[in-house]
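The values are calculated or read from the model by the stated rules, or taken from the named source; none is laboratory data. Remember, predicted model here, so these are calculated numbers, not experimental data. Cβ sites come from the backbone with ideal geometry, for glycine too, and all protein chains shown count toward neighbours.
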Amino acid sequence: MKTRVTELLGITYPVIQGGMAWVATHELASAVSNAGGLGIIGAGGAPASWVREQIQAAKKETDKPFGVNLMLMNPEADEIAKVIAEEKVKVVTTGAGNPAKYMEMWKAAGIKVIPVVASVALAKLMERGGADAVVAEGTESGGHIGAQTTMTLVPQVADAVSIPVIAAGGIADGRGFAAAMMLGAEAVQMGTRFVVAKESTVHENYKQKVIKAKDIDSEVTGMSTGHPIRVLRNKMTREYLKKEKEGATFEELEQLTLGALRKAVVEGDVMYGSVMAGQSAGLVTKEETCAEIIQEIMTDASKLLK
Ligand code: TUI
C-alpha cells in the first residue's frame, strides 16, 4: 500500500511503531523495520549515551529505515537531538513538547522530522517550521496524552495542513487502520499492540497485563498536574487518583510515579508500577511477531478498504 508516508520514509507498509519510553528498544524497532514498517527507538527519559548505543545496535540489525523518538521533557534532550543528527538517523519523531529549536539542525542533517501533536494549532506550527509529516495523536493513546479524540483530531489536522498526517491513538487492528485512512491519515502509529510483540523486551507481567486488559481498564493520572498519563488500573493508580482527588501536592503525586514506568517494564511490578497503555489494550489479545502483526493489519485493512 503506497501513500505519501511510505514514499517519504522508504517503507513498505504505512505502519509506524510508537517510540515508547523503556519499551521501544533497538530489538523492537529493528523487528518492525525488518517487517516493512517503521521501527522507532524511544529515548524516553534515558541519557544520550544510551540513545547512541541503541541507534548503533539497530543499524547492525536492519538495513531498513528506522527512527528515534525524542521525548522533549528529557533533561538531556539537547544532547540527544545532537546524537540523532550525528548518527544520521533517517527519521525523528518528538513527543510531549514543541521541537522547533531542533528543526534546523535535523533538516540540515537530512533527517525527516515528524512531530507528534495533539492539536490543530501545533500541527500548523510544525508544518510552518518545516516538519515533513505529523502524527496526530488522540487521547485514546497510552502514556502522555492530549485531550482530543483520534476520531475528531485526525480529520481536523488533515484539513489544516498539507503535509501527510499519521493517525495514532486507539488503533490496534485492520479496522482501526482502515478507519484512520477514511479520516484522512496516510499511515498509522501504534504503540500498545507492539508492546506485546514477541520481539518486545518488556517484562512478561507487563505483556500479560495488556493482554488481559478490557475496554474500561485504563485510567488517566496527573490530570491535576498538567501531565495527564494513561495507564492500566492497579494499586498505584487507585492510590494516586485517591490522593489527587484529596488535593495532594505535585511533589506527593510525583513520589508515586517517579521511576514507576521502569518498575513496570523492567522489573515487572504491575501492581505499583506505571503500566502505560492505550484504550486499545482491550483489542490486544495475543503475543505475535512484528511481522505477523503488520501482515494481519494490512490484510484485514485491504479487504475493508476495497
Ligand atoms: O509523548 C507522548 N507520549 C508519552 S511520552 C512518555 S514519557 C513520560 N514518562 C513519564 C512522565 C511523562 C512522560 C510517555 N508517553 N506522546 C506524544 C504527545 N505529545 N502526546 C501529546 C503531546 C504533546 C503535548 C503537549 C505535544 C506537544 C505539547 O505541547 C506543545 C507545546 O507547545 O509545548
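Tabulated data for the structure shown
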{"read-out": "Flag if residue 180 is within 30 Å of residue 289 (Cβ to Cβ), near the ligand (Cβ under 10 Å from one of its atoms) and of a type outside the set (Ser, Thr, Tyr)", "value": "no"}
{"read-out": "The stretch 84-98 residues that are on the phi > 0 side of the Ramachandran plot, paired with ones that are at pLDDT 95 or above and more than 16 Å from the ligand (Cβ to nearest atom) (beta carbon under 9 Å, 6 or more apart)", "value": "88/109; 88/110; 88/111"}
{"read-out": "Condition met for residue 167 (in contact (Cβ under 8 Å) with a residue 24 or more places away in the chain, more than 12 Å from the ligand (Cβ to nearest atom), surrounded by 23 or more Cβ atoms within 10 Å (Cβ to Cβ) and not acidic (Asp, Glu))", "value": "yes"}
{"read-out": "So residue 81, is it buried (at least 21 other Cβ atoms within 10 Å of the Cβ), more than 27 Å from residue 287 (Cα to Cα) and aliphatic (A, V, I, L, M)", "value": "yes"}
{"read-out": "Check on residue 294, more than 16 Å from the ligand (Cβ to nearest atom), of a type in the set (Val, Ile, Thr), at pLDDT 95 or above and out of contact with any helix residue (DSSP H, G or I) (no Cβ under 6 Å at 6 or more places or on another chain)", "value": "yes"}
{"read-out": "Candidate set: the stretch 56-78, residues that are of a type outside the set (D, E, K, R) and surrounded by fewer than 15 Cβ atoms within 10 Å (Cβ to Cβ); chosen: the one nearest to residue 5 (Cα to Cα)", "value": "56"}
{"read-out": "Test: residue 257 is in contact with a Phe, Trp or Tyr (Cβ under 9 Å, 6 or more places away or on another chain) and either charged (D, E, K, R) or within 14 Å of the ligand (Cβ to nearest atom) (or both)", "value": "yes"}
{"read-out": "Pairs with Cβ under 8 Å, 6+ apart, first in the stretch 278-304 and under 12 Å from residue 199 (Cβ atoms), second among the basic types (Lys, Arg) and not in a helix (DSSP H, G or I)", "value": "287/198; 288/198; 289/198; 290/198"}
{"read-out": "Near pairs, Cβ below 7 angstrom, 6+ apart or cross-chain, from the stretch 100-123 (more than 23 Å from residue 10 (Cα to Cα) and more than 10 Å from the ligand (Cβ to nearest atom)) to any residue that is modelled with pLDDT of 95 or more and not aliphatic (A, V, I, L, M)", "value": "120/156"}
{"read-out": "Exclusive hit being at positive phi and within 16 Å of the ligand (Cβ to nearest atom), set 143, 129", "value": "143"}
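Residues checked against (1) in contact with a strand residue (DSSP E or B) (Cβ under 7 Å, 6 or more places away or on another chain); (2) among the small types (Gly, Ala, Ser); (3) free of Cβ contacts under 8 Å to residues at least 60 places away in the same chain:
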| site | (1), (2), (3) |
| --- | --- |
| 172 | yes, yes, no |
| 183 | yes, no, yes |
| 190 | yes, no, no |
| 201 | no, no, no |
| 226 | no, yes, yes |
| 233 | yes, no, yes |
| 238 | no, no, yes |
| 249 | no, no, yes |
| 259 | no, yes, yes |
